[in-house]
Amino acid sequence: MSDSGGQRRASWLAGLEARPKAELHLHLRGAIPRDYLRDRVRKCPPARALASAPPSQLAMLRRQPAIARILAARDPAEELDGLFRFDSLEQFLAAYFFTVFFVREIDDFRGLVVGVREHLRAQNITYAEVTVSIPEYLQQGLPLEGILDALGEDPPARPKVRWIVDLVRNYGPDAAEKLLERLLPLLPPTVVGLTLGGAEHLYPAGQFGRVYALAREGGLRATVHAGEALGPESVWHALDTLRVERIGHGVRAIEDPRLVSHLAERKIPLEICPTSNVRTGVYPSIAAHPVRELYEAGVPMSINTDDPTFFDISLAEELAGLRSLGFTTGEIDGLASGAFAFAFDAEAAA
Ligand code: ADE
Ligand code: ZN
């Protein structure tokens, strides 16, 4: 690369960093500042933090070597970096879940929200839809009213944050429905949507039809994690049974050409998280990721980081990484500005 080529690229990346951006698929705990987590772990050692976990969850967590090492360490805070190394979606989901045990009080939750707002602000993300896995915080004993109070705050300074409730599919469809019935009359206007994260292969989208019907009646916008762990049939269920407006990931739609055409014709946006898909083993490398093919087929999309602390990536880096797949700088600029149009808050760009 010539010097001037290198300089042009560096200034383009700086431009991506500086420009106002929207992020539509980002989990609150997925963006937990590492220092904040370390501080919480120092305050409450893992053995004590996990004492309240049901035996089945404890066994699942202990099966992950990084978590077992943290639990056995003399200074667990020093072993935390291992949490961010994993080989599969299952291992990642265990690491992600593990972090909830260190959000023990409503002030911890509030501190997490403040830290994530700061993470967004520092990247010039002016609008974000942040996914919050409510049942996991309730399992921790946090009061629902306190959680909703924190989510209801809407400071005038950017980023403008809107919330997507994740009912976490691992708790099953009945628990999801019960919790949603409880939530709907209490939700502040800053909560705009519903999703399901967690183990898609154990709790596929098709089981949650009643939950999504209830959410629709209650005025929530709808997305769901689908086509990440499972193939195209899961995306079809998300569209036909759940009637979602966007799909979280959805990348495995590429395995069904009829579905790809359907997404393009109906203009259903995918929330694409390329680095996440590589780090959790959905694809072996960025070169193998189908984002370019989906783009060329006319499927609308936003680019996102999913769990930036775990995947060690910023939104600007995620966007810039598309260059290696043949995206031009103009196309990437278009993806960055186009994300605002897929927001669930009609005034996202304001
Ligand atoms: N929760 C946080 N990140 C997730 C992902 N990539 N898939 C499913 N659930 C999640
Ligand atoms: Zn996600």
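The values are calculated or read from the model by the stated rules, or taken from the named source; none is laboratory data. All figures in this text were calculated on a predicted structure; none of them were measured in a lab. Ideal geometry is used to build each Cβ from the backbone, glycine not excepted, and the neighbour counts take in all protein chains shown. Areas reflect the complete protein model, heavy atoms only, side chains present, ligands, DNA and RNA absent. Shrake-Rupley method; radii C 1.70, N 1.55, O 1.52, S 1.80 Å.
Answer with yes or no whether residue 176 is open to solvent by less than 10 Å² (accessible area, probe 1.4 Å), modelled with pLDDT of 95 or more and assigned by TED's automatic domain parsing to the domain that holds residue 60.
When the stated conditions are applied, residue 176 does not pass them.
Cβ-Cβ below 9 Å, separation at least six or inter-chain, first residue in region 182-201 and part of a helix (DSSP H, G or I), second within 16 Å of ligand 2 (Cβ to nearest atom): which pairs?
Every condition considered, the pairs that remain are 183/134; 183/165; 183/167.
Restricted to region 243-254, and to residues that are within 19 Å of the chain's Cα centre (by Cα) and farther than 10 Å from residue 269 by Cβ, which residue is farthest from ligand 2 (Cβ to nearest atom)?
This residue is 253.
Which of (1) open to solvent by less than 10 Å² (accessible area, probe 1.4 Å); (2) touching a Lys or Arg at 6+ places or on another chain (Cβ under 8 Å); (3) not in a helix (DSSP H, G or I) is the odd one out, the single condition residue 344 does not satisfy?
(1)
Within region 95-107, take every residue that is away from ligand 1 (no atom under 14 Å from the Cβ) and either in contact (Cβ under 8 Å) with a residue 60 or more places away in the chain or open to solvent by less than 70 Å² (accessible area, probe 1.4 Å) (or both) and give me the one that is farthest from residue 58 (Cα to Cα).
106
Quick one: would you say residue 92 is crowded, with 18+ Cβ neighbours inside 10 Å, hydrophobic (A, V, I, L, M, F, W, C) and farther than 21 Å from residue 51 by Cβ?
Against the criterion (crowded, with 18+ Cβ neighbours inside 10 Å, hydrophobic (A, V, I, L, M, F, W, C) and farther than 21 Å from residue 51 by Cβ), residue 92 qualifies.
Working only within region 47-58, note down all residues that are open to solvent by less than 60 Å² (accessible area, probe 1.4 Å) and farther than 18 Å from residue 92 by Cβ.
49, 50, 53, 54, 58 - these are the residues of region 47-58 that are open to solvent by less than 60 Å² (accessible area, probe 1.4 Å) and farther than 18 Å from residue 92 by Cβ.
Do you know which residues across region 1-33 are open to solvent by 60 Å² or more (accessible area, probe 1.4 Å) and either among the polar types (S, T, N, Q) or under 23 Å from residue 96 (Cβ atoms) (or both)?
2, 4, 7, 11
Restricting attention to region 136-154, does a residue exist that is open to solvent by less than 10 Å² (accessible area, probe 1.4 Å), hydroxyl-bearing (Ser, Thr, Tyr), closer than 16 Å to residue 37 by Cβ and touching a residue at least 40 places away in the same chain (Cβ under 8 Å)?
The answer is no, given that none of the residues of region 136-154 is open to solvent by less than 10 Å² (accessible area, probe 1.4 Å), hydroxyl-bearing (Ser, Thr, Tyr), closer than 16 Å to residue 37 by Cβ and touching a residue at least 40 places away in the same chain (Cβ under 8 Å).
If you scan region 322-350, which residues turn out to be of a type outside the set (A, V, I, L, M), closer than 22 Å to residue 131 by Cβ and modelled with pLDDT of 95 or more?
Within region 322-350, 338, 340, 342, 344, 345 meet the criteria.
Name the single residue, out of those in region 224-271 being open to solvent by 20 Å² or more (accessible area, probe 1.4 Å) and among the hydroxyl-bearing types (Ser, Thr, Tyr), that is nearest to ligand 1 (Cβ to nearest atom).
Among those that are open to solvent by 20 Å² or more (accessible area, probe 1.4 Å) and among the hydroxyl-bearing types (Ser, Thr, Tyr), it is 241.
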